[in-house]
Number of protein chains: 2
Amino acid sequence: MSASVDPSRLSINQETIKQWSLPELAEGCIKEGITAVGLWRAPVQEYGVERTARLLRESGLTVTSLCRGGFFTDIDQGARARALDDNRAAVDEAAALGTDTLVLVSGGLPPGSKDLAGARERVADALAVLGPYAEERGVRLAIEPLHPMFAADRCVVSTLGQALDLAERFPARQVGVVVDTYHLWWDDQVPAQIARAGRTGRIHAFQLADWITPLPAGVLLGRGQLGDGSVDFKAFRALVDGAGYTGPIEVEIFNEALWERDGGEVLRETAERFRTHA
Amino acid sequence: MSASVDPSRLSINQETIKQWSLPELAEGCIKEGITAVGLWRAPVQEYGVERTARLLRESGLTVTSLCRGGFFTDIDQGARARALDDNRAAVDEAAALGTDTLVLVSGGLPPGSKDLAGARERVADALAVLGPYAEERGVRLAIEPLHPMFAADRCVVSTLGQALDLAERFPARQVGVVVDTYHLWWDDQVPAQIARAGRTGRIHAFQLADWITPLPAGVLLGRGQLGDGSVDFKAFRALVDGAGYTGPIEVEIFNEALWERDGGEVLRETAERFRTHA
């Protein structure tokens, strides 16, 4: 067991409390003494990028990451060019929001394709283009390996080892990885891969959610509140801390039951669970 | 691409056509020229073990595997002792049915536990007891790694690498592995691990199902008919054949839509898909 977590490392990803508008999120965080948030592009665009940046600045809140770029695996060249354009816009948005981390979800298999290796190469091709663009704007790309149950329809990068194999083709100041407990908790290679990521300075984000069963249809919205499931968060944090990571720890839970509750109550519960379990 | 599959290698796992009784399965296979089946304990026990053995013998059908033993991860000693008793019965049933392969599903995390490594050690403890018992009866234990989405509630062995780490503690004539495309297709380590399994003679069963999305609630019954999803079966067979495996290839699909159709139609379709895709 590690020592207690420093509560000031908590960052609330806005999707955890999706029922809240950005002003509600800012106000709720201030009230709860939380100083950092993770954001998603769609709600930020809806509220306005500059307007969001100003709101958070005036609220004294730090933005720890922006979700998400990616979806690089299309076979069609035109679609891939459009994805690159959209990712350049995502980099610009991250820079405008003052975060140095853009989370990337790589994309799944194109319709009809069974070629995982080919799809992963197209991810590498996109990183080669986007990495320098992001670096010039002070943004690091963070490849997020998603759980293998998303390999077909969402993300062909399924393990931290695969994410590092991709990231290490590029400078660490351009491309790193996200360590997300929900996606990685089952993998006995994770301790060695977290150490590898730490050695090369590639842990660009650390996110928490618990694994609960049964999974809902479509499996996307089945993440659990910290402490409700199978993940040993203290063991994970010991590995990530041990790898030299000292940054924020984002709680990112997609769960319809949490979204139906009072946002303030969910925020207080999440902060309390973070102190107890992380 | 490999050469066409030898159609005589096809074995139909009875769960693929769960709507059929054992006599219907035997009759259907004969009619379709299929010579081998994989069985499950519950329907065999219901029909009677000796009666099933006689039915299949008289029908000229080979039994390629019996599913399933396992569920070794309980913390409670009494529960583990009962699991061992039940697994000895499963070995006896396999021997009575004339199959040399008992498929093992290891079991998930016990309620409240977050200790995957500890649970995997309890699987090893059980194999140490059961391996010699099975060998004396001419039965090999085949550890089946299940997809990581089952790690919490069904099987703490999630990759072929983990399964081999466990199996290699024991003689290959006692403990090997199941290569099931549904569970392993996403893993870029699989080619190396299949080669490793082949070198030590530990591929005890080879099973096919396709990966389709979206996954249904609970995710257990979401397997796809061959050719409907993301799995490159010819590439998988090339790896398994290349590792020296020359045995039966079992099709094992859990899919409620298939179970609602006419059994004979599903069997014909499955045989046709096997010839085309495997």
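None of the figures in this text is laboratory data; all of them are computed from the coordinates on show. Just so it is clear, the structure is predicted and the values come from calculations on it, not from any experiment. Methodologically, a virtual Cβ is constructed for each residue, glycine included, from the backbone with ideal geometry; neighbour enumeration extends over all protein chains shown.
General remarks:
- Distance cut-off 22 Å, percentage of C-alpha pairs in the stretch B:1-118 lying past it: 43 percent
- Pairs of alpha carbons in chain A whose separation is greater than 28 Å (percent): 31 percent
- Mean residue ellipticity (222 nm) of chain B, computed from DSSP H runs ≥ 4 via -39,500 (n - 2.57), nearest 500: -13500 deg cm²/dmol
- If R0 is 56 Å, the Cβ-Cβ spacing of residue A:77 and residue A:272 corresponds to a FRET efficiency of close to 0.65.
- Label spacing, shortest first and in nm, from residue B:257 to its equivalents in the remaining copies (7 angstrom along Cα→Cβ): 3.0
- Counting, for every residue in B:188-194, the Cβ atoms of other protein chains within 10 Å of its Cβ and taking the mean gives 2.
- Taking the DSSP beta bridges with both ends in the stretch A:7-277, the antiparallel portion is around 10 percent.
- Cα centroid of the stretch A:208-278 to Cα centroid of the stretch B:98-140, whole Å: 31 Å
- Normalised by the number of residues in chain A, the mean separation of alpha-carbon contacts (under 8 Å, six or more apart) gives a relative contact order of 21 percent.
- Residues of type lysines that residue A:31 reaches as a straight line, Cα spacing below 23 Å, ignoring anything fewer than 8 places off in the same chain: A:18
- Across the copies of the chain, residue A:188 has label points (7 Å from Cα along Cα→Cβ) spaced 2.2 nm apart, shortest distance listed first.
- Cα gyration tensor, the stretch A:198-278 - rounded (a/c under 1.5), prolate or oblate: prolate
- Dipole orientation for the protein assembly as shown: of the candidates A:181, A:222, B:177, B:177 has the Cα lying most toward the positive pole (charges on Cβ; Lys, Arg +1; Asp, Glu -1).
- Test item: A:152-159 mean partner chain Cβ contacts at 10 Å: 4
- In this Cβ point-charge picture (+1 for Lys and Arg, -1 for Asp and Glu), the stretch A:7-277 has a dipole of about 560 debye about its Cα centre.
- Between B:28, A:266, B:231, the Cα set farthest toward the positive side of the dipole of the protein assembly as shown (charges on each charged residue's Cβ, about the Cα centre) is that of B:231.
- Sequence-distant lysines (8 or more away, or on other chains) whose Cα lies within less than 22 Å of residue B:114: A:234
- Inter-copy label distances at residue B:269, using a point 7 Å along Cα-to-Cβ, come to 4.2 nm with the shortest given first.
- Between residue A:254 and residue A:221, the simple spin-label model (points 7 angstrom out along Cα→Cβ) gives 1.0 nm.
- Test item: Cα-centred dipole of the protein assembly as shown, Lys/Arg +1 and Asp/Glu -1 on Cβ, debye: 1020 debye
- The simple spin-label model puts a point 7 Å past each Cα toward its Cβ; for residue B:200 and residue B:265 those points are separated by 4.6 nm.
- The packing ranking, built from the mean of other Cβ atoms within 10 Å per residue, places the peptides B:214-222, B:138-146 in the order B:138-146, B:214-222, highest first.
- Gyration tensor (alpha-carbon) shape descriptor, the stretch A:49-199, a/c threshold 1.5: oblate
- Look at B:212, B:30 and count the other Cβ atoms within 10 Å of each Cβ; fewest to most, that gives B:30, B:212.
- Pairs of alpha carbons in the protein assembly as shown separated by more than 32 Å make up 47% of all such pairs.
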